[in-house]
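**Q** I'd like to ask you about the structure that follows.
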Amino acid sequence: MIRYFFLRLAAAVPTLLMIVTATFFLMHAAPGGPFDQEQVLAPEIQANLQRSYGLDLPIWSQYGRYLASLRHGDFGPSFKYKDFTVTELIAQGFPVTFTLGVIAILLALGIGIPLGTLAALHHNTSLDHATMSLAVLGIAVPTFVVLPFLGLLFGVYLHWLPVAGWEARSIRHLALPVIALALPPLAYIARLTRGSMLEIMGAHFIRTAFAKGLPASTVILRHALRPALMPVASYLVPAVASIMTGSLVVESIAGLPGIGRYLVQGALNRDYTLVLGMVIIYSTLLISLGLLVDLLYAWLDPRVRR
Amino acid sequence: MIPILQIEALSVGFLNSGAMNQAVDQVSLRLAPSECVGIVGESGSGKTQMFMAAMGLLAKNAVARGSVRFEGQEILAQKSALRRVRGSKLAMIFQDPLTSLTPHLKIGVQLAEVLVHHNGVSWHEARYIALRMLDQVQIPEPKRRLHEYPHELSGGMRQRVMIAMSLLCRPSLLIADEPTTALDVTVQAQIIELLRAVREEFAMGLVLISHDLAVVGGLAQRILVMYAGRIVESAPAEELFRHPRHPYTAALLKCIPSVFSAPRTRLPSLAGQPPRIGEKLDACAFAPRCPRAAERCRRERPQLQVAAAGEFACHYPEEL
Ligand SMILES: Nc1ncnc2c1ncn2[C@@H]1O[C@H](COP(=O)(O)OP(=O)(O)OP(=O)(O)O)[C@@H](O)[C@H]1O
Ligand SMILES: [Mg+2]
């Protein structure tokens, strides 16, 4: 198991390299460049800028230079935010996005799993139907509709929470964005849990557990829950990926100083280094999460271990 | 003497899209303390569902009527009474040892939790009792097994674990539903031997369900034959083997291979199909397959009648 873990860790490096390479060449293949702007710069200024950022070099040597700087942990300068390096930009915004994302995924798991379990145990009752209808709503209504609606309700009418804006370490400012962000994965996790719980409750070993005279709560928590969480574990990586893209919407609507916006802005501005930096950060996060999920599988089902 | 288990007019039906399928039809039986009864019948004859009803383990779409008394206490209608005895005084093991243990819990936990729940002992003590029980059901290296997961054990070992688990609280009745069906032939014999040994040791009642008369024959004192949700014959084992009265029992007996049958001859198997469950019958359910069936059998359903040694439900029984 430990050997396997390190093998996977080693395999992550080439994966990351491939992602970086693909992003690099795709970005450069897109028409335009970082210094094409509304007001046209004088050709000599344009050329100077290109030269100082190394954009006049052949693409392969640009690629080589970028990889070389990466080896020292340097993401390079931003082409757009000229006073900042990419590392600085990401370091500023990352804590906000990370906090937002972690709370959202914990909320999605912490509410989605019990909700799905409850629905399964009350299969075909009104509780089940109500939960699943809400889940469909949560999956279907997009974040950019949910967040303004929540803002309207809790901010404008009820005055409970701020509609937008940001203060450091303020839970109140995070509340609505986190809820909006957590809703779709929460709904999806509830549905997944309900489905697998229904299946597991019909398994032979659950029959055994009841035959042993164990109370229903023990049967569910000790015997049924862990195998029922397998599909949820498989969904964890896609869930975090959807929260990452969701945070981009949420941050711009709620005006949070996270890094979500850099991905879109960077791509539109052809801010090559910023986009690459973001891609590296997000990929690393997802790949590590994938490793974590593998460990989780082994815990959920010992047959996976070897 | 109070019977250990007394089933009166038990019916089990399954509701399927509005229609009710009768799986067990007005079955009654009595079990004396520490008696061993065999239940035989073809697949689908209702053997399992009858005892699932007694254990309160029926599927959600099932409806059970009638009465089940365990040590004189009604447990079909009174769930609180059932909860007190299920898994402690009244235990059941199943046909599928490979899937009947929880895959992610160690054997030790699955055994110990029974004692922790029923007897309120500490986990530490429960594991110690579990260890001794594993030893008693002849599991080699029982200490190591406590730390193993079910998938690390063979099918026979898993059934032994199931048996150990059912014995932890010293049950007065063990229901073994086809405990050997999924196992190799040699392992089958070992498990039957084990059941014989623990039954004597614990002086408990045993219900041994099987579709194979030969499996039941060596162990059961009395055998009940089920057909299409009903008991069609009940007699002491020896009597049943020597003088089957119901033609169905006679046919089942002919299917048992014997040391005298010529090698390489095909075993006779019962021709025809059992009736589809849910068919309303004003006739003997076995009539369509019965060599002795007459006009009356298709018109009037035979009731159980008392015979010299047992009971049978047939208008034209085999002669003594
Ligand atoms: N959940 C269910 N819904 C509908 N019908 C069911 C259900 N469970 C069992 N049955 C039906 O009840 C009948 C009796 O089943 P039972 O399991 O008691 O048979 P059995 O005698 O134990 O057979 P086997 O030797 O195959 O185990 C079968 O015809 C089966 O189809
Ligand atoms: Mg059965």
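**Q** Can you give me the distance in nm between label points at A:LEU153 and A:SER170, each placed 7 Å from the Cα along the Cα-to-Cβ direction?
**A** If labels sit at A:LEU153 and A:SER170, their model points lie 2.2 nm apart.
**Q** Throw me the Rg/Rh for chain A, computed over C-alpha atoms with Kirkwood Rh, two decimals.
**A** Ratio of gyration radius to Kirkwood radius for chain A: 1.06.
**Q** Under the classification rounded if a/c is under 1.5, otherwise prolate if a/b is larger than b/c and oblate if not, where does region A:120-215 fall, given a ≥ b ≥ c as square roots of the Cα gyration tensor eigenvalues?
**A** Prolate, since a/c reaches 1.5 and a/b exceeds b/c.
**Q** Using only the alpha-carbon atoms of region B:101-168, report the extent along each of the three principal axes, biggest first, to the nearest angstrom.
**A** Principal axes ranked by extent give 31, 24, 19 Å for the Cα atoms.
**Q** Give the Rg/Rh ratio for region A:56-202, taking Rg as the radius of gyration of the Cα atoms and Rh as the Kirkwood radius, to two decimals.
**A** 1.17
**Q** Further, regarding this structure: For region A:246-302 and region B:1-68, compute the distance between their C-alpha centroids and round to whole Å.
**A** 58
**Q** Of the listed peptides A:3-11, A:21-29, B:241-249, what is their order by residue-averaged count of other C-beta atoms within 10 Å, with the highest listed first?
**A** Put in order of decreasing packing, that is B:241-249, A:21-29, A:3-11.
**Q** At 7 Å along Cα-to-Cβ for each site, give me the label-to-label distance between B:HIS151 and A:ASP36 in nm.
**A** Distance between the two pseudo-spin positions: 5.4 nm.
**Q** Also, I was wondering about something else. Probe radius 1.4 Å, ligands and nucleic acids left out: which of A:VAL13, A:VAL178 has the largest accessible area, and how do the rest follow?
**A** So the residues, ranked largest to smallest area, are A:VAL13, A:VAL178.
**Q** How much of the DSSP beta bridge set in the protein assembly as shown is antiparallel, as a percent to the nearest 5?
**A** 60
**Q** Which three extents, in whole angstrom, do the alpha-carbon atoms of chain B cover along their principal axes, largest first?
**A** Taking max minus min along each principal axis of the Cα atoms, chain B gives 67, 50, 42 Å.
**Q** Can you give me the relative contact order of region B:101-168 as a percent, contacts being Cα pairs under 8 Å and 6 or more apart?
**A** Worked out over region B:101-168, it gives 45 percent.
**Q** Per DSSP helix of 4 or more residues, -39500 (n - 2.57); summed, then divided by the residues of the protein assembly as shown. What does that give at 222 nm, rounded to the nearest 500?
**A** So the calculated ellipticity at 222 nm is -16000 deg cm²/dmol.
**Q** Moving to a separate point now. I want to verify the translational diffusion coefficient of region A:204-296 in µm²/s; compute it with Stokes-Einstein, Rh as the Kirkwood radius over Cα pairs, at 25 °C and 0.890 mPa s.
**A** Rounded to a whole number, D works out at 150 µm²/s.
**Q** Pull out the extension gain between A:ALA12 and A:VAL264, defined as 0.36 nm times the separation in residues minus the alpha carbon to alpha carbon distance; nm, one decimal.
**A** Stretched out fully, the A:ALA12 to A:VAL264 stretch lengthens by 88.2 nm.
**Q** Would you compute the Debye intensity of the protein assembly as shown from its alpha-carbon atoms alone, equal scatterers and no solvent, and pass along log10 I(q)/I(0) at q = 0.10 Å⁻¹ to two decimals?
**A** Taken in order of the listed q values, log10 I(q)/I(0) reads -0.96.
**Q** Quick one: what do you get for region A:22-103 if you divide its Cα Rg by 2.2 N^0.38 Å?
**A** Relative to the 2.2 N^0.38 Å estimate, region A:22-103 comes out at 1.30.
**Q** Loop sites only, by DSSP: take the GluC sites (Glu not before Pro) in chain A that have at most 10 other C-beta atoms within 10 Å and name the longest stretch containing none of them.
**A** Here the longest run is A:168-306.
**Q** Against the longest principal axis of chain B, how steep is helix B:185-202, in degrees 0 to 90 to the nearest 10, with axes from Cα atoms?
**A** Between the helix axis and the principal axis of chain B, the angle is about 70 degrees.
**Q** By how many nm would the segment from A:SER133 to A:GLU88 lengthen if fully extended, with 0.36 nm per residue of separation less the alpha-carbon distance?
**A** Value of the extension gain: 11.8 nm.
**Q** Calculate the radius of gyration of the Cα atoms of region B:130-267 to one decimal place, then report Dmax, the largest Cα-Cα distance, as a whole number, both in Å.
**A** Answer for region B:130-267, Rg first and Dmax second: 17.2, 51 Å.
The values are calculated or read from the model by the stated rules, or taken from the named source; none is laboratory data. This is a predicted model, so every value here is computed, not measured. As a convention, Cβ positions derive from the backbone with ideal geometry for all residues, glycine included, and neighbour counts pool all protein chains shown. Note: accessible area is taken over every heavy atom of the protein model, side chains too, but ligands, DNA and RNA are not part of it. Shrake-Rupley method; radii C 1.70, N 1.55, O 1.52, S 1.80 Å.
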